[in-house]
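Enquirer: Shown below is the structure under consideration.
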Amino acid sequence: MTDTSKIRGKVVVITGGARGIGLATATALQALGAKIAIGDIDEATVKESGTDRGFELYGRLDVTDAASFESFLDEVERTVGPIDVLINNAGIMPTGKLVEEPDQITRRILDINVYGVILGSKLGLARMLPRGRGHVINIASLAGETHIPGLATYNASKHAVLGFTDTLREEYRESGVRFSSVLPTLTNTELGAGVTAPKLLRPAEPEEIADAIVGLIVAPRSKVRVTALAGFVSQVVGLLPAA
Ligand code: NAD
């Protein structure tokens, strides 16, 4: 059994938390006693979700804009408390053949999925390092280890997130700050709509991914891959080496 008691009182920031995996994770962590701050570029939806759930903080955050990100994190620390966990979750997944992909879409995917994660990790780390504790969780995808046709730029962005997160884990091993990644399978959200699950698999529910993220926070894990099969969910975890 997982001991979730250590989640109580933790301050957790989730980007792209207005809906989907981010909102399901926020909801699961709130139920375990965490203090939640969600930021999202979709201001109307983040406010609606935040009000509905009674989160500590919610508001507009554009992960591609350093000033917006910084001021959101400042507000969290001023009004909620020092950040314990930062989940870089915001992402987009336009599909299509590369030659038909407008250049601004290519850049937007990389801007949100890669730069947004790098920026968030950097800003989170700067706050956590002096305290010698904290946890940055970057949401990648199984697409970061495979090569799903029709998603070349997206696949590249998620490969980048995994390589980036693995590097920081190594670089800051002694710092007390953890870096983890999550590799969800196709999930039943707005982003996942329109993509068909591979044979023998089914789309996961956002709550199933949230459950894997909770496990990642409470156990000494560095990575969790989530695959949804007909009757159950498989989680394959990477373990952090003993401290
Ligand atoms: P979703 O579309 O339901 O939610 C993503 C949220 O990110 C939205 O609320 C959106 O407004 C927000 N967002 C987009 N651009 C932003 C920006 N610049 N700044 C702040 N917020 C922004 O998607 P989801 O399925 O919940 O995806 C969450 C994460 O999980 C993404 O990183 C995605 O790549 C990853 N993922 C999803 C699936 C899937 O099949 N749904 C599978 C693997 C990985």
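The values are calculated or read from the model by the stated rules, or taken from the named source; none is laboratory data. Not measured: the values here are computed from a predicted model. In this analysis, Cβ positions are derived from the backbone assuming ideal geometry, glycine residues included, and neighbour counts consider all displayed protein chains.
Enquirer: Given T106, T51, which one is of a type in the set (S, T, Y), touching a residue at least 12 places away in the same chain (Cβ under 8 Å) and surrounded by fewer than 20 Cβ atoms within 10 Å (Cβ to Cβ)?
Expert: Selected residue: T106, the only one of T106, T51 that is of a type in the set (S, T, Y), touching a residue at least 12 places away in the same chain (Cβ under 8 Å) and surrounded by fewer than 20 Cβ atoms within 10 Å (Cβ to Cβ).
Enquirer: Being under 22 Å from L129 (Cβ atoms) and outside any loop (DSSP other than H, G, I, E, B) narrows it down to one residue among R169, R173, R225; which is it? Before the answer, list the steps.
Expert: Numbers: R173 fails: outside any loop (DSSP other than H, G, I, E, B); R225 fails: under 22 Å from L129 (Cβ atoms).
The unique qualifying residue is R169.
Enquirer: What are the residues in region 54-72 that are within 13 Å of the ligand (Cβ to nearest atom) and touching a residue at least 24 places away in the same chain (Cβ under 8 Å), if any?
Expert: Passing the criteria: Y58, L61, V63, T64, A66, F69, F72.
Enquirer: Further question: Report, by residue number, each residue of region 227-241 that is free of Cβ contacts under 8 Å to residues at least 60 places away in the same chain and either surrounded by fewer than 18 Cβ atoms within 10 Å (Cβ to Cβ) or closer than 28 Å to E170 by Cα (or both). Even if it seems obvious, please write down each step before you answer.
Expert: First, pick out the residues of region 227-241 that are free of Cβ contacts under 8 Å to residues at least 60 places away in the same chain: 228-239, 241.
Listed by number, the residues that qualify are L229, A230, G231, F232, V233, S234, Q235, V236, V237, G238, L239, P241.
Enquirer: Name the helices (runs of 4 or more DSSP H) wholly inside region 1-81 in which the number of residues that are hydroxyl-bearing (S, T, Y) and more than 28 Å from N188 (Cβ to Cβ) is 3 or more. Talk me through it step by step, then tell me what you get.
Expert: Values: elements: 20-31, 43-53, 66-79.
In region 1-81, the matching helices (runs of 4 or more DSSP H) lie at 66-79.
Enquirer: Among the residues of region 17-49, how many are within 9 Å of the ligand (Cβ to nearest atom), closer than 12 Å to I87 by Cβ and either modelled with pLDDT under 95 or of a type in the set (G, A, S) (or both)?
Expert: Looking only at that region, the number is 4.
Enquirer: Also: With respect to V99, is the statement that it is part of a helix (DSSP H, G or I) and within 14 Å of V13 (Cα to Cα) true?
Expert: Answer is no for this residue.
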